[in-house]
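First comes the structure, then the notes that go with it.
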Amino acid sequence: MYIILTQCFPSRVGGIESLVSNLALSLGKKNKVIVFADRHNIINDAIYDNKYKDIILIRRFAGLKFFRRRKKIKELKTFIESTQVKLVLADTWKSLELVVDYLNVKKIPVACLAHGNELLSDKASKLKRITNTLEKVTTIIPNSNYTTNLIKNIIQDKGQIKFVYPGAEDLRVVQSDKFMQISGEPVLITLSRLEKRKGHIKILEALKKLRQKFPEIKYLIAGEGIEKSNLKKIIKKSDLDKNVNFTGILTDKQKKYLYENSDLMVMPTLDESNNRSIEGFGIAYLEAAFFGVPSIASNIGGTPEAVLHEKTGLIVNDEADFSSVLYNLLSNKEKLNLLGSNAKKRAVEEFTWEIVSKKYLSLINN
């Protein structure tokens, strides 16, 4: 039996959620897998759990964080005392903090995923908690070279670290949902949580200049988040209402429709490491790549590993040059198409979950 401990799991939407879900389902095809997950939305959680009930067993835990974590660990210990467990896999060090010592006493191998944000802290006490937990796990699996280096800076045993790039959902296989009318040329898209570090503001600033050359340019902002009200104010103040559309949270069918009708993925993430926020990799760039949509990203965190400069997109080193980089690429259809073709080839050959899950499973089985 394999046990997965996670705070990040569908029905909640996000990169970590996608990673943990796909790992659980891949393991569950040949092994018994129990997922100890947080409850996010009673109805949506139930829909997900019922959909995959024949592959994995999911236990949900609700309530205040302090009590929820302890209730989860208490039930985990009950399972371990009564069942033979091959491995415990955690989404982050946070899910292991209260139980890693117990697992070591029971001599159960422990694997911990690492993504970037959760490793950042300006408090010595929290860094000590992170270090104490990670140094006790059997294997740490970071999502990029960037995240690997973050870990190497805080733990002594570097041999624990075995990094694997995450996969991305290949949405070409789902049916497209034409849920909105997309008009404009060219069409830019950012698909992410609406938070400051995703760089939406930089794109809006560039749009003010770009619409002089491309009066029909359209920018699609997909997702929800705390930055939405601020973005709406900027759009209104800059008179960009006709050039920008918010789509809200999307289904996979709706994502496919947007990718099919977009020319460029733009997400110039900002360095918010001082606020404990940074992009450890960037799965959204790869989701777009399956549709031949290249990306523009910034040289922050692990994004240069998700977007290869001058191969599958462009990496902007200087934020001040962002509008000119956008202008030059959008004006060069031949280059735009070439980058998109390269991006699609790389995504198909290296980042389908079928391919990536084998790498994770090989690590886990060893």
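The values are calculated or read from the model by the stated rules, or taken from the named source; none is laboratory data. Nothing here was measured: the structure is a model prediction, and the numbers come from that model. As a convention, Cβ positions derive from the backbone with ideal geometry for all residues, glycine included, and neighbour counts pool all protein chains shown.
Structure summary
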{"read-out": "Residue ID - modelled with the lowest pLDDT, chosen from residues in the range 1-20 that are among the hydroxyl-bearing types (Ser, Thr, Tyr) and over 19 Å from ALA62 (Cβ atoms)", "value": "SER18"}
{"read-out": "Test for SER295: is it among the hydroxyl-bearing types (Ser, Thr, Tyr), touching a helix residue (DSSP H, G or I) at 6+ places or on another chain (Cβ under 9 Å) and at pLDDT below 95", "value": "no"}
{"read-out": "Which numbered condition VAL35 fails, given (1) out of contact with any strand residue (DSSP E or B) (no Cβ under 6 Å at 6 or more places or on another chain); (2) surrounded by 15 or more Cβ atoms within 10 Å (Cβ to Cβ); (3) closer than 28 Å to LEU191 by Cα; (4) aliphatic (A, V, I, L, M)", "value": "(1)"}
{"read-out": "Exclusive hit being outside any loop (DSSP other than H, G, I, E, B) and in contact with a Gly (Cβ under 7 Å, 6 or more places away or on another chain), set ASN44, ASN50, ASN104, ASN22", "value": "ASN22"}
{"read-out": "Looking only at the range 78-101, and only at residues there that are of a type in the set (A, V, I, L, M, F, W, C) and assigned to a helix (DSSP H, G or I), the one that is surrounded by the most Cβ atoms within 10 Å (Cβ to Cβ)", "value": "TRP93"}
{"read-out": "Residue within the range 55-73 that is assigned to a loop (DSSP other than H, G, I, E, B) and surrounded by 19 or more Cβ atoms within 10 Å (Cβ to Cβ) present", "value": "yes"}
{"read-out": "Qualifying positions in the range 347-356 - surrounded by fewer than 19 Cβ atoms within 10 Å (Cβ to Cβ) and assigned to a helix (DSSP H, G or I)", "value": "VAL348, GLU349, GLU350, GLU354, ILE355"}
{"read-out": "Residues that are part of a helix (DSSP H, G or I) and more than 19 Å from GLU305 (Cα to Cα), drawn from the range 128-145", "value": "LYS128, ARG129, ILE130, THR131, ASN132, THR133, LEU134"}
{"read-out": "Check on LYS344, part of a helix (DSSP H, G or I), at pLDDT 95 or above, in the same structural domain as GLN212 (by TED's automatic domain parsing) and of a type outside the set (Val, Ile, Thr)", "value": "yes"}
{"read-out": "Residue match in the range 179-193 (condition: among the basic types (Lys, Arg) and either buried (at least 19 other Cβ atoms within 10 Å of the Cβ) or touching a residue at least 12 places away in the same chain (Cβ under 8 Å) (or both))", "value": "yes"}
{"read-out": "Matching residues, the range 164-222, being over 27 Å from ASN332 (Cβ atoms), more than 20 Å from the chain's Cα centre (by Cα) and of a type in the set (Lys, Arg)", "value": "LYS178"}
{"read-out": "Residue satisfying all of: in the range 249-271; closer than 21 Å to SER323 by Cβ and among the charged types (D, E, K, R); modelled with the lowest pLDDT among these", "value": "ASP271"}
{"read-out": "Boolean, ASN230 is in the same structural domain as VAL325 (by TED's automatic domain parsing), surrounded by 17 or more Cβ atoms within 10 Å (Cβ to Cβ) and polar (S, T, N, Q)", "value": "no"}
{"read-out": "Selection within the range 330-366 - among the charged types (D, E, K, R) and under 30 Å from ILE108 (Cβ atoms)", "value": "GLU354, LYS358, LYS359"}
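Condition check ((1) over 19 Å from ILE278 (Cβ atoms); (2) assigned to a helix (DSSP H, G or I)) across all residues:
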{"site": "ASP122", "(1), (2)": "no, no"}
{"site": "LYS126", "(1), (2)": "no, yes"}
{"site": "THR147", "(1), (2)": "no, yes"}
{"site": "LEU150", "(1), (2)": "no, yes"}
{"site": "GLN156", "(1), (2)": "yes, no"}
{"site": "GLU169", "(1), (2)": "yes, no"}
